[in-house]
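Here's the structure, in structure tokens; my notes come after.
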Ligand code: AMP
């Protein structure tokens, strides 16, 4: 496994690959867990070589505090990556990526950016678009792997790649969960014992909401979920929405031809957790 911090070095390595070799790319912010590894394993199966980037992207954090507190576990990340036979790891510094201008490019994602996370995390998706576009330009991946855990992000990246004609195939990968159903996240390690114990309530409620959606209309399901969280003092619901999978527009009337997904964001004390489920 080769580890590069410089753009020039990773570019040189990519250019030296056999002509026609396919590159699978998994961008991450480190603090790797089995969820990330599941993406890498899928990329391994479908490509000749796999490149993982580890970069905590400053421009996608709307709160400075979150950026500072983001877990950094580079040694264990590298040994996990070795254990799944990752070929190349790209670990640039912020200076390497942004020189001395740490700002986002502004994007138009056709409205996807104004829904859900976009309402609560100012400038977040411009930051994501900026870094992912830059990484795509460097890595030139054949296929790029993103988790459905961040479903809105996945759809936004699809839109960005399409609009900017970036020739990589975007692959969405299923959410990897703990045995108790909690979606794996680098943030889970920051939960208190008490909050960790109650956190599986989020996915349990999503599964019940899916069931309720079979017989009730969307507004009734939304009220039901809001009410469930009122009974749960350790978890504060930020939003629960049912939206069209492609446009991410909130559902108006159920249409059997459309695909819907329920999306949730919850605070467990100061830790913000997100999850979603296909309906
Ligand atoms: P992050 O390091 O949190 O930016 O995540 C890097 C990639 O891993 C993103 O595409 C995430 O959606 C994906 N990811 C994170 N957690 C999970 C999970 N539990 N299951 C599947 N993919 C995940």
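The values are calculated or read from the model by the stated rules, or taken from the named source; none is laboratory data. Values in this document were obtained by computation on a predicted structure and should not be read as measured data. Don't worry about glycine lacking a Cβ; one is built from the backbone with ideal geometry, like all the others, and counts go over all protein chains shown.
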Quiz item: Since residue 31 meets every condition but one in (1) on the phi > 0 side of the Ramachandran plot; (2) without any contact (Cβ under 8 Å) to a residue 24 or more places away in the chain, which condition does it not meet?
Solution: (2)
Quiz prompt | Answer residue from the range 160-195, given it is in a helix (DSSP H, G or I) and within 24 Å of residue 122 (Cβ to Cβ) and is nearest to the ligand (Cβ to nearest atom) among those | solution = 186
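Look through 157, 202 and report the one residue that is surrounded by 18 or more Cβ atoms within 10 Å (Cβ to Cβ), within 13 Å of the ligand (Cβ to nearest atom), in the same structural domain as residue 73 (by TED's automatic domain parsing) and assigned to a helix (DSSP H, G or I). Can you show your working first?
Working: 202 fails: in the same structural domain as residue 73 (by TED's automatic domain parsing).
From the options 157, 202, the qualifying one is 157.
Conditions (1) more than 16 Å from the ligand (Cβ to nearest atom); (2) surrounded by 15 or more Cβ atoms within 10 Å (Cβ to Cβ); (3) under 14 Å from residue 85 (Cα atoms), marked per residue:
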{"residue": "15", "(1), (2), (3)": "yes, no, no"}
{"residue": "25", "(1), (2), (3)": "no, yes, yes"}
{"residue": "38", "(1), (2), (3)": "no, yes, yes"}
{"residue": "42", "(1), (2), (3)": "no, yes, yes"}
{"residue": "45", "(1), (2), (3)": "no, no, yes"}
{"residue": "48", "(1), (2), (3)": "yes, no, yes"}
{"residue": "51", "(1), (2), (3)": "no, yes, yes"}
Quiz prompt | Index of the failed condition, residue 247 passing every other in (1) surrounded by 14 or more Cβ atoms within 10 Å (Cβ to Cβ); (2) touching a residue at least 60 places away in the same chain (Cβ under 8 Å); (3) not in a helix (DSSP H, G or I) | solution = (1)
Quiz item: Given the conditions (1) surrounded by fewer than 15 Cβ atoms within 10 Å (Cβ to Cβ); (2) under 24 Å from residue 114 (Cβ atoms); (3) out of contact with any helix residue (DSSP H, G or I) (no Cβ under 7 Å at 6 or more places or on another chain), which single one is not true for residue 270?
Solution: (2)
Self-check item: Filter pass, residue 219 being within 16 Å of residue 261 (Cα to Cα), outside the structural domain of residue 66 (by TED's automatic domain parsing) and in a helix (DSSP H, G or I)
Solution: yes
Exercise. Output the residues belonging to the range 109-135 that are out of contact with any strand residue (DSSP E or B) (no Cβ under 7 Å at 6 or more places or on another chain) and surrounded by fewer than 16 Cβ atoms within 10 Å (Cβ to Cβ).
Key: 110, 111, 114, 119, 122
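Please find, among 167, 141, the residue that is at pLDDT 95 or above, in contact with a strand residue (DSSP E or B) (Cβ under 8 Å, 6 or more places away or on another chain) and assigned by TED's automatic domain parsing to the domain that holds residue 45. Walk me through how you get there before you give the answer.
On the way: 167 fails: in contact with a strand residue (DSSP E or B) (Cβ under 8 Å, 6 or more places away or on another chain).
Being at pLDDT 95 or above, in contact with a strand residue (DSSP E or B) (Cβ under 8 Å, 6 or more places away or on another chain) and assigned by TED's automatic domain parsing to the domain that holds residue 45 holds for just one of 167, 141, which is 141.
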Quiz prompt | Residue under evaluation residue 106, criteria (1) in contact (Cβ under 8 Å) with a residue 60 or more places away in the chain; (2) surrounded by fewer than 20 Cβ atoms within 10 Å (Cβ to Cβ); (3) touching a helix residue (DSSP H, G or I) at 6+ places or on another chain (Cβ under 6 Å), criterion not met | solution = (1)
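In the range 252-274, how many residues are modelled with pLDDT of 95 or more and either farther than 23 Å from residue 199 by Cβ or touching a strand residue (DSSP E or B) at 6+ places or on another chain (Cβ under 7 Å) (or both)? Outline the logic, then answer.
Initially, the range 252-274 is screened for residues modelled with pLDDT of 95 or more, giving 259-269, 273-274.
Still in the list and also either farther than 23 Å from residue 199 by Cβ or touching a strand residue (DSSP E or B) at 6+ places or on another chain (Cβ under 7 Å) (or both): 259-268, 273-274.
So the answer is 12.
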